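Reading through the structure tokens given below for one structure.
The values are calculated or read from the model by the stated rules, or taken from the named source; none is laboratory data. Please read these numbers as outputs of a predicted model, since none were measured by experiment. Glycine gets a Cβ as well: all are built from the backbone with ideal geometry, and neighbour counts include every protein chain shown. Ligands, DNA and RNA are stripped out before the accessible areas are found, and what is left, the full protein with its side chains, is counted by its heavy atoms. Shrake-Rupley method; radii C 1.70, N 1.55, O 1.52, S 1.80 Å.
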Amino acid sequence: MCTKTYSFKNLNKTNTIFLLLTPIVAIAGTIAWLKVDGFDWRIMALSLAFYIATGLGITAGYHRLFAHRSYQASWPVRLLLLIFGAAAVQNSALKWCNDHRVHHGKVDTDHDPYNINEGFFYAHMGWILLLEDADEYKFSKDLLKDPMVMFQHKFYLAFVIIFSFLLPAFLGHLIAGSWLGGLFVAGVARIVFVHHCTFFINSLCHVVGTRPYDKKQTARDSWIMALFTYGEGYHNFHHTFQADYRNGIKWYHFDPTKWLIRGLNFLGLTWNLKRTKAELIKSRLQAQ
Ligand SMILES: [Zn+2]
Ligand SMILES: [Zn+2]
């Protein structure tokens, strides 16, 4: 049953303005780019690169590395994941991971920060628009002791300005002579796309698909959703075996986040990749 209401008083003004304004600025800015500089495929390639890098910053970095500790990584990898995770503009790793750990621990209850039982809109983005109680990061004691995570938390706004806006604008100018294209397409429009692709994990991934491993909670497996969520669409598996660095366990499952982690493992840059034992996965499948 939906219990949340949205009123001027209980809105988080910063989040609400940002989430509502970015799509408008993205459209207006893209039109300005097309009128002033004209279409250029190099801007589209830059935007795609930022779409992939910032999305993976969230899924490989914030989600599977920092929230779940499903593998370990060398400091340059951790730094890059914190930089591109911040550039996705979904809050600092500390805040994001704390919310996510509560989501796993209290899934589908009133304490779940993006409880799907409050409705699709709430789970997708409504929860971000509302004010919440002061954060104590009760579930993130380990992250509070991590100097890189805390540095990113302290300077989160600077990370966002530099890596999500200034860097694409500069690269747009460098590559295609168009800071407008860099800023509005690879910057703002890309933020909107990455936002909604990752928001889908909390909304559609709890609605669309099957529940092969655990029918008692709402998370679902769907290869179609995996296409939009950098491989996070195998969400029933993930909620059942959250320590696993994989979400799609078969080789043909579309899970680019897993491929990145494993690719870096071949280069010696990530290690201790946690995998659930095949017998355990099989026994869960049979138990359903
Ligand atoms: Zn998770
Ligand atoms: Zn979930």
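General observations
- On the stretch given as the stretch 200-235, residues that are more than 10 Å from ligand 2 (Cβ to nearest atom), open to solvent by 20 Å² or more (accessible area, probe 1.4 Å) and among the polar types (S, T, N, Q) total 1.
- Number of residues in the stretch 27-53 that are farther than 13 Å from LEU183 by Cα and assigned to a loop (DSSP other than H, G, I, E, B) equals 3.
- Given (1) more than 24 Å from ARG262 (Cα to Cα); (2) assigned to a helix (DSSP H, G or I), number of the condition PRO113 does not satisfy: (2)
- Test: residue in the stretch 48-64 that is at pLDDT below 95, of a type in the set (Ser, Thr, Tyr) and touching a Leu at 6+ places or on another chain (Cβ under 8 Å): no
- For HIS104, the conditions (1) open to solvent by less than 30 Å² (accessible area, probe 1.4 Å); (2) part of a helix (DSSP H, G or I); (3) free of Cβ contacts under 8 Å to residues at least 40 places away in the same chain; (4) out of contact with any strand residue (DSSP E or B) (no Cβ under 9 Å at 6 or more places or on another chain) all hold with the exception of (3).
- Within the stretch 191-213, residues that are over 28 Å from VAL160 (Cβ atoms) sit with their Cβ atoms under 8 Å from residues that are part of a helix (DSSP H, G or I) and among the basic types (Lys, Arg), at 6+ positions apart or across chains, in these pairs: TYR213/ARG284.
- Of all residues in the stretch 178-194, none are closer than 30 Å to THR22 by Cα, polar (S, T, N, Q) and within 14 Å of ligand 1 (Cβ to nearest atom).
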